[in-house]
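Each remark here refers to the structure printed beneath this line.
What follows draws every value from the coordinates through simple rules; no lab data is involved. Note that the coordinates shown come from a computational prediction; the quantities given were computed from them, not determined experimentally. Quick reminder, even Gly has a Cβ in these numbers, built from the backbone with ideal geometry, and neighbours come from all protein chains shown.
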Amino acid sequence: MYTALADAVLLLHFAIVLFVVGGLVLIVVGNLCHWSWVNTCAFRYAHLLAIGFVVVQAWLGATCPLTTLESWLRLQSGQLPYESGFIQHWFQLILFYQAPSWVFAALYTGFGALVGLIWWLFPPAKLLTNSSGPAVTRKPGADA
């Protein structure tokens, strides 16, 4: 049972990574294609919160709670836990490249800065303002 739970945590963790990376691509492509749903506050704030959590965690040198949980579950099932963080583990496993933790912190920070730039270039619907100042919402199909 612990192995199945560890695998479920692994899939959840992968889905969150996919949301953070793929979400940014969707925001850019969606704005270029005039998809209004990519600028909904729920989607954009969830995306910002996810990458913000990763950046803060990296700067604090903290291990992701999902990595900790998965490693504990793997230990309970008799398997070996990760020796590093989730991304480092899979990066090293897939690319056979070892990198210190600061490299990943720098990458996460750079990605977070890119999210901030995209936030500024394509603001969420309720953050748009007109020339008089009050917030206005973007109409479907409207340009940014």
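If r is the Cβ-Cβ distance from Leu11 to Leu49 and R0 is 25 Å, what FRET efficiency results, to the nearest 0.05? Write out the running numbers ahead of the final one.
Values: r = 20 Å, r/R0 = 0.81.
With a Förster radius of 25 Å, E is 0.80.
Using a cut-off of 15 Å between beta-carbons, work out the net charge of the residues near Gly78 (Lys and Arg +1, Asp and Glu -1, Gly78 not included). Numbers along the way, then the final one.
On the way: positive: Arg74; negative: Asp7, Glu70.
Around Gly78, the surrounding residues sum to -1.
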